[in-house]
1. What nm distance separates the two modelled labels at C:GLU229 and A:ALA169, each placed 7 Å from Cα along Cα→Cβ?
2. Can you give me the angle between helix B:65-74 and the longest principal axis of chain B, using Cα atoms only, in degrees from 0 to 90, rounded to the nearest 10?
3. Once label points are set 7 Å from the Cα along Cα→Cβ at both D:GLU269 and D:VAL26, what is their separation, rounded to one decimal in nm?
4. Out of all DSSP beta bridges with both ends in the protein assembly as shown, state the antiparallel percent to the nearest 5.
5. Rounded to the nearest whole Å², what accessible area per residue is found for chain B with the 1.4 Å probe?
6. Return the distance in nm (one decimal) between the two label points of a simple spin-label model at C:GLN122 and A:THR5, each offset 7 Å from Cα along Cα→Cβ.
7. Which net charge results when you count Lys and Arg as +1 and Asp and Glu as -1 among the other residues whose beta-carbon is under 11 Å from that of B:GLU54?
8. How far apart are the B:PRO112 label points across copies, placing each 7 Å from Cα toward Cβ, in nm, shortest first?
4 protein chains.
Amino acid sequence: MPAPTRLDFTSDNVTGASPEILAALVRANEGQVQSYGGDPHTATLERLAEEVFERPVAILPIATGTAANALALSMLARPFEAIYCHATAHLMTDECGAPEFYTAGAKLIGLPARDGKLRPEQLAEAVEFARSMGVHHVQPAAVSVSQVTEWGTIYSREALAALAVRAHALGLKVHMDGARFANAVARLGCTPAEASWKAGVDILSLGATKNGALAAEAVVAFDAALAAELAFRRKRSGHLWSKTRFLSAQLNAYLKDGLWLRSARHSNEMADRLAAGLAAIPGARLVQPVEANEVFAALPGPVTARLRAHGFRFYDWPSPEEESTSVVRLVTSHDMKASDIDAFVEVAGKSSQQGAAK
Amino acid sequence: MPAPTRLDFTSDNVTGASPEILAALVRANEGQVQSYGGDPHTATLERLAEEVFERPVAILPIATGTAANALALSMLARPFEAIYCHATAHLMTDECGAPEFYTAGAKLIGLPARDGKLRPEQLAEAVEFARSMGVHHVQPAAVSVSQVTEWGTIYSREALAALAVRAHALGLKVHMDGARFANAVARLGCTPAEASWKAGVDILSLGATKNGALAAEAVVAFDAALAAELAFRRKRSGHLWSKTRFLSAQLNAYLKDGLWLRSARHSNEMADRLAAGLAAIPGARLVQPVEANEVFAALPGPVTARLRAHGFRFYDWPSPEEESTSVVRLVTSHDMKASDIDAFVEVAGKSSQQGAAK
Amino acid sequence: MPAPTRLDFTSDNVTGASPEILAALVRANEGQVQSYGGDPHTATLERLAEEVFERPVAILPIATGTAANALALSMLARPFEAIYCHATAHLMTDECGAPEFYTAGAKLIGLPARDGKLRPEQLAEAVEFARSMGVHHVQPAAVSVSQVTEWGTIYSREALAALAVRAHALGLKVHMDGARFANAVARLGCTPAEASWKAGVDILSLGATKNGALAAEAVVAFDAALAAELAFRRKRSGHLWSKTRFLSAQLNAYLKDGLWLRSARHSNEMADRLAAGLAAIPGARLVQPVEANEVFAALPGPVTARLRAHGFRFYDWPSPEEESTSVVRLVTSHDMKASDIDAFVEVAGKSSQQGAAK
Amino acid sequence: MPAPTRLDFTSDNVTGASPEILAALVRANEGQVQSYGGDPHTATLERLAEEVFERPVAILPIATGTAANALALSMLARPFEAIYCHATAHLMTDECGAPEFYTAGAKLIGLPARDGKLRPEQLAEAVEFARSMGVHHVQPAAVSVSQVTEWGTIYSREALAALAVRAHALGLKVHMDGARFANAVARLGCTPAEASWKAGVDILSLGATKNGALAAEAVVAFDAALAAELAFRRKRSGHLWSKTRFLSAQLNAYLKDGLWLRSARHSNEMADRLAAGLAAIPGARLVQPVEANEVFAALPGPVTARLRAHGFRFYDWPSPEEESTSVVRLVTSHDMKASDIDAFVEVAGKSSQQGAAK
């Protein structure tokens, strides 16, 4: 077995960019073009996005997922309003208050869900409570779902639509944190339109960085009339690049000819392979279904120790459902090879007397 | 005379990146590295910045100048405080309220100055007025100077130091919007340290995008203890890249071996050449001294019409001092050639009957 | 001549409340009533306001004028937008950034005007400039006029309507800071409706504190549909009193049977009397027409010294138009008597050798 | 039995003011005094507060408890920081996002507690989690305790001190929402100093409105050096009254000669009497210890129906611990008489055939 070249399973953001995207960036360097998005690359992106999503959209390229989420939410909630999300949503616990910053202090209200997926009923209950409080309580404005969820699971199209239908009936807008939207689309086997606006999503944070871009995400609003306000909010937050061509070029290469879905499908397959390998190890157990490119597994302490001794990197993951402290998160990425996965599994599966022998 | 390849003089952000910076970005793509700035490129940048500025600093790479300015100012002023700046400072008129956003509503107070440079006396008067108003008025916290100024001029080291000494005596911090800091250093012929903290600057927005990066600026705080708070504020604003290596690699190439100063010196020389050429044209006149890479010139209407007919692009510039409406701003950049400048001047200087003949 | 009982001319907020208003407050203390505005006093206020303004309105009682202004503006401008006002408007210089706070960082843009009154043309120019800047500049959303102005002058109905018509044509909403609205209505001799929405005002800060309340102002929105959003914004800012009856009772007494206009008419007359008296003093001169209850006068130094030696209090006022530093502002109020005014004028008019003899 | 005059048990804010406080307000109306707190009443308040709390303090009178809380918290947490509080704290669920508004988006993190009281251990765990997340998570800055708690219970001096000691050891400041601070002091039988700063409280929202003022609370900072910043923040939020005398006069009457503690003791006794009466009714049960002026009781459905049929008003209270939906909150106040309580208990205790006979 060859030495693994990919030892880091902490996140899909430890990788570089796909060759196609890097090449597109280099090509985009040529010549003078108008700044602030008046360039041909951005025009192409706008056209391409409408093809991909099969409808007019407002698409604004932006460098980070935190910014995309916060910017999108600032379109949905006024300062005295509430946004419902999963209690451990990225925007709740991992964005250092960016949504509160961009919305000028709107409130995120976290709802529990064992598998990361919100249910229509729990949303309805929370909304009813808020409205019963009248002027004293922030008022429901939006719900944000993560697709892929924080537990690596994926809302089925039906589950997503049911939630969105209920949200709309309650007068709420629907945001999707699609940092790993490509992984979800690839797994669901549906079109990007079916995975988003056709299922009721009003505004999408479309990720690319984790799936092969250098630094590129996009806010995609399915109401194209929002483009102007989004543009002012982006500028005001310092996220409008003078040389926007370099963001748009990344996204063009990403979306063109299905690169994004190929990359995501590959990551997903690597996760499947990893899950299958781990499941065969005595004492190991998957704690969530593996549906995208993340594996949450309960591993025996000696196994995680041995893996780390071999140089593998990954996070322990707080898991309220598990007594054991050895739940870990393993993230696969677009540039991992089957041999990288196999190397990990092999070390994990070694008998423990071998494990210390590195 | 060869056909000019650079027809666009609207701004130095219509250009691509320097070959050295693009190459560094491509090299940085290799392998897995820790995300969010835990990578070797960022470690190098931190070391390099301390060499360049000859002291410990906190340096945070960031994608845009607007973000760098707003982030820096958020360190200096609380929401009930005031920041003084030139009445037409970029952060006053061109950042769509980003400073107000990042400071949670601190007030920018614009001071007039014909040549873009604030004077110690006018600052002192404004501060005295604010303090005389007691609790009813936002309280003075900082002054922001643009170096290069909005009029393409440059504070001498003495003028800058005099302003900063006065500001500090008044209890204010000093921010420098250094979107074109390299052009100023190159022209002043001093060290980066002399042009910044040795002259009293507390925090600097260090530009690179206009001078050859794809998208890279940095907040440089000369009090290194500010690094932690800056890091939280950056994350919260969505400006922490997961793949920070791609920002740091640009800045490393920029600062290494003096590329930044060579590029800026070249731009400055192109502006000098352009200014000299225009000054020789009958009816043309420079309305500000040309000290960096911007030329503000009053040109006869037929001249600007002819230039535009030949495909040259540039902005008319509002100029309160001039009756004429034909003041234009011409910006040179790191990738312009002497032949580009000469082509511009040649068209500008043609007799008018030739001008319409394109 | 009797000893004056009113020595303080610094502002109309150094006075207590009108007996009628105080009595109403005391009466409102009886019994248990529903909190947060569900009380009969507030219901009465809502009915009364619609009578006074001859149309459905949303009226929200609130304790301070700064809060009323800031709350009203937060309904008109989003964070990336601009509000135009006089360069020395109260909300620009005397509210410690409250409008920026409540609007989450919208920008106040000050326009100059020698007599405190904005002109349609200057507003149109400022708006045109902002729009020409596109995404880089905060976008025009509203204009705020002070009626009575900062210079004690009053927009005629025609001048106000001309400004409002232009503002509306430009797509802006119109806010009126009516801290002294009663004084304006009393002087204009028109109805409150004619002085506000019939002249194009969309939202009014209706003052009462300076004119005889203890602490009571109101936000009056002429689009009654704004009531709900206003209510949330008021609560969120901590301005919803649990015992709202005590605010509403003040305003009811104020508006009922014309007390507010009688009080204002009296203050105006006291100012007229003061102006006439001062104008007759050698070396004294009014620097603005006296149209409400404020007198701006250039007084010889010995006169101001003598007045202060006698215990009179008033502010020196910065006056860009005057070389002299001895411009003073004198404010009359609802509880001043003709004898108070006469005492002031008598001391002012004494020959200087007598002046020092207190 | 006489007819009850107090039928409303929904809250202690449905009452008017104590006669002593109303009289003080009327007395304060006399004469001209300096505005914005430069009046003798406010000077007296500052002196009185230092007597009551036995140390130098900064005390700022303010009209509402929501404003007092939000203002206090804005002194403790920067926008990228976190404030821990009980999951159903007033500032979490009843202030429409005011803390987020005043702190520019700091995050409230709710911690569960069956009896309304936070424990040192749970605080420490939450802080440890946040710090482990590094730059991605808002950082711990403060803890806010409600004394009296949301469940009508009272932290013992020991429990409070233990929490505060731990908070300080963790680097957090301690805020107390003392909307019913008087009730707590009266029950604890200690000094105001012992109930606040001697137990580790850094900043206190001192309530008076619920306990006999018209509209008056105060922010009390035990670090007197905070006075200046507090003053700017108060002005900026529109909470500085021009006629501050009318706030200060209320608080002076409240704090003078122990009126506040007498009123609170009376309310507490009325709650004790009510609790004792209800406990004797078959099927009724107290769901929390009665320690202040609130009674949380599970009452049989026919009992609550009968009470309401007699005109009594009170809230059903969401109670996660109880299957039954008939938990109610009953609040007694400073102006209730024993006969009011007895009337309530008598109706509650009637046999059900009588209950419907109103």
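The values are calculated or read from the model by the stated rules, or taken from the named source; none is laboratory data. Predicted, not measured: the structure shown is a model, and the values here were computed from it. Here the Cβ is made from the backbone with ideal geometry for all residues, glycine too, and neighbour counts use every protein chain on show. Side chains included, ligands, DNA and RNA excluded: accessible areas come from the protein's heavy atoms. Shrake-Rupley method; radii C 1.70, N 1.55, O 1.52, S 1.80 Å.
1. 2.8 nm
2. With rounding to tens, the tilt is 30 degrees.
3. Here the answer is 2.6 nm between the modelled labels.
4. 50 percent
5. Ligands and nucleic acids excluded, the figure is 33 Å² per residue.
6. 6.8 nm
7. In short, -1.
8. So the distances to the same position in the other copies read 0.5, 6.5, 6.5 nm.
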